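Below is one structure; the comments refer to it alone.
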Amino acid sequence: MDFSTKRVLVTAGANGIGLAIATKFQELGAAVFVTDIDPDAVDKARAGGLLAAVSDVSVEEQVRELMATVEAELGGLDILVNNAGIAGPTGPLETLDTAAWKSTFDVNIHGQFLCIKYALPLLRAAREASIINLSSAAGRLGMAGRSAYSASKWAVIGLTKTLAIELGPDKIRVNAICPGAVNGPRIDSVIAAKAVMLDLPEDEVSALYLNQSSLGRLIEAEDIANMAAFAASDMARNVNGQALAVDGNTEKLY
Ligand SMILES: NC(=O)c1ccc[n+]([C@@H]2O[C@H](COP(=O)([O-])OP(=O)(O)OC[C@H]3O[C@@H](n4cnc5c(N)ncnc54)[C@H](O)[C@@H]3O)[C@@H](O)[C@H]2O)c1
C-alpha cells in the first residue's frame with residue numbers, strides 16, 4: 001500500500017485508536033493531519049511529526065476552521081477518518097442524564113456529520129477519495145447499559161450506507177469500521193463503569209469482555225489501523241458502504 005500522494009485527516013487522532021491510524025498512514029507515506037480536543041495530546045502528536053490542531057468535532061465553527069487549516073496545510077484532502085467518539089453514560093436508560101445522552105450524539109454522530117459536510121468540497125476535488133467512519137461492535141449489536149453509545153454507533157452505520165449511495169457517483173467511497181473491545185485506557189474505564197453497574201468485581205467484568213470475542217482476546221489499536229489503511233487503499237477500490245468488523249467475531253456484548 002502506497003499513500004505517498006495521499007492527504008489524510010484523522011479526528012481524535014492524538015490518542016488511542018486515532019493515533020494508531022494516523023501513525024499507520026504516516027508510515028505508509030501519507031501526509032497526515034490530526035485534530036483532537038486535548039491540547040496536551042496535540043502537542044505530543046506534533047512532537048511525533050504529525051501536523052495537528054486542537055478542535056472539537058461537535059462545534060460547527062471549529063470544524064469549518066479545521067477544514068480551512070487542512071486545505072492550507074495539506075493542499076487538499078483524499079481520506080477523512082471520522083474517529084472521534086466518546087463512551088457516553090453507563091446505566092439503565094431511566095438513570096441516564098439527559099445532557100450526557102445528548103453529548104454522546106453530539107460527538108459520535110453530529111461530529112461525523114459536520115466533518116463530512118465541511119470536508120466534502122476537498123474530497124470532491126480529490127481523485128477517488130475515501131471516508132472511514134468509526135462505529136463499533138455496539139453499532140451492530142445491542143449493549144445493555146450503553147444505550148446512548150450503541151444507538152449513536154448504529155446511526156454511524158446509517159450515515160455510512162446512505163452516503164455511500166449519495167457519493168458513489170463522485171467516486172467517493174464511504175465505509176465504517178466496527179471494532180470490538182480494544183486494548184487501552186478507554187476499555188479499562190468502560191469495564192470499571194460496567195463493574196459498578198453490575199455490582200461485580202472489575203476482574204470478572206474484564207474476563208467477560210475478553211470472552212466477547214470468539215478468539216478470547218482484546219483487539220489492538222493497530223488491528224483497526226490496518227483495516228483503515230486497507231479500506232482507504234486502492235486494493236479496496238470496490239469496497240463501499242460496508243460496516244467492516246474487526247472484533248475477533250463478537251456475537252454478544254456485555
Ligand atoms: N476503545 C474501544 O474499545 C472501542 C471499541 C469500539 C469502537 N471504538 C471507537 O473508536 C474510536 C476511538 O476510540 P478510542 O478508544 O481510541 O477513544 P479514546 O477514548 O481513547 O479517545 C480518543 C481521543 O478522542 C478525543 N476526543 C474526545 N472528544 C472529542 C471531540 N469532541 N473532538 C475531538 N476529539 C475528541 C480525546 O481527546 C482522545 O484524544 C471512537 O469512535 C470509539 O467509539 C472504540
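Selection over region 159-193 of residues that are among the basic types (Lys, Arg) and under 18 Å from Gly139 (Cβ atoms) gives a count of 2.
A quick yes/no check of all residues on (1) surrounded by fewer than 22 Cβ atoms within 10 Å (Cβ to Cβ); (2) among the charged types (D, E, K, R):
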site	(1), (2)
Leu120	yes, no
Ala129	no, no
Ser135	no, no
Arg140	yes, yes
Lys153	no, yes
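For every residue, the table says whether it meets (1) closer than 17 Å to Gly85 by Cβ; (2) hydrophobic (A, V, I, L, M, F, W, C); (3) more than 21 Å from the chain's Cα centre (by Cα).
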{"site": "Val182", "(1), (2), (3)": "yes, yes, no"}
{"site": "Ala192", "(1), (2), (3)": "no, yes, yes"}
{"site": "Ala195", "(1), (2), (3)": "no, yes, yes"}
{"site": "Ser206", "(1), (2), (3)": "no, no, yes"}
{"site": "Ser213", "(1), (2), (3)": "no, no, no"}
{"site": "Gln242", "(1), (2), (3)": "no, no, no"}
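Scan region 1-41 for residues that are within 15 Å of the ligand (Cβ to nearest atom), of a type in the set (Val, Ile, Thr) and buried (at least 21 other Cβ atoms within 10 Å of the Cβ) and the total you get is 7. Contact map, region 222-233: first residue in a helix (DSSP H, G or I), second residue of a type in the set (D, E, K, R) and within 14 Å of the ligand (Cβ to nearest atom), Cβ cut-off under 6 Å, separation 6 or more or different chains; pairs are Ala225/Lys24; Ala229/Lys24. Note on region 57-68: residues that are buried (at least 20 other Cβ atoms within 10 Å of the Cβ) and not polar (S, T, N, Q) amount to 4.
The C-beta contact set for region 130-147 (first residue in a loop (DSSP other than H, G, I, E, B), second residue among the aromatic types (Phe, Trp, Tyr) and within 14 Å of the ligand (Cβ to nearest atom), distance under 9 angstrom, 6+ apart or interchain) comprises Ser135/Trp154; Ser136/Tyr149; Arg140/Trp154; Met143/Tyr149; Met143/Tyr254; Ala144/Tyr254; Gly145/Tyr254. Listed conditions (1) under 15 Å from the mean Cα position of the chain (by Cα); (2) within 13 Å of the ligand (Cβ to nearest atom) are all met by Val54, apart from (1). Select from region 73-117 the residues that are loosely packed, with under 14 Cβ neighbours inside 10 Å and part of a loop (DSSP other than H, G, I, E, B) and write down the one among them that is nearest to the ligand (Cβ to nearest atom). Looking at residues that are loosely packed, with under 14 Cβ neighbours inside 10 Å and part of a loop (DSSP other than H, G, I, E, B), I get Asp97.
For beta carbons closer than 7 Å, sequence separation of 6+ or different chains, a first residue in region 28-43 that is over 26 Å from Thr5 (Cβ atoms) and a second that is among the polar types (S, T, N, Q) and within 13 Å of the ligand (Cβ to nearest atom), the qualifying pairs are Asp38/Asn15; Ala41/Asn15.
Annotation: of all residues in region 214-254 being of a type in the set (D, E, K, R) and crowded, with 18+ Cβ neighbours inside 10 Å, the one that is farthest from Ala144 (Cα to Cα) is Asp223.
Please tell me if Val54 is modelled with pLDDT of 95 or more and over 17 Å from Glu222 (Cβ atoms). Yes.
The values are calculated or read from the model by the stated rules, or taken from the named source; none is laboratory data. Quantities reported herein were computed from a predicted structural model and do not represent experimental measurements. When we count neighbours, we look across all protein chains shown, and the Cβ atoms used for this are built from the backbone with ideal geometry, even at glycine.
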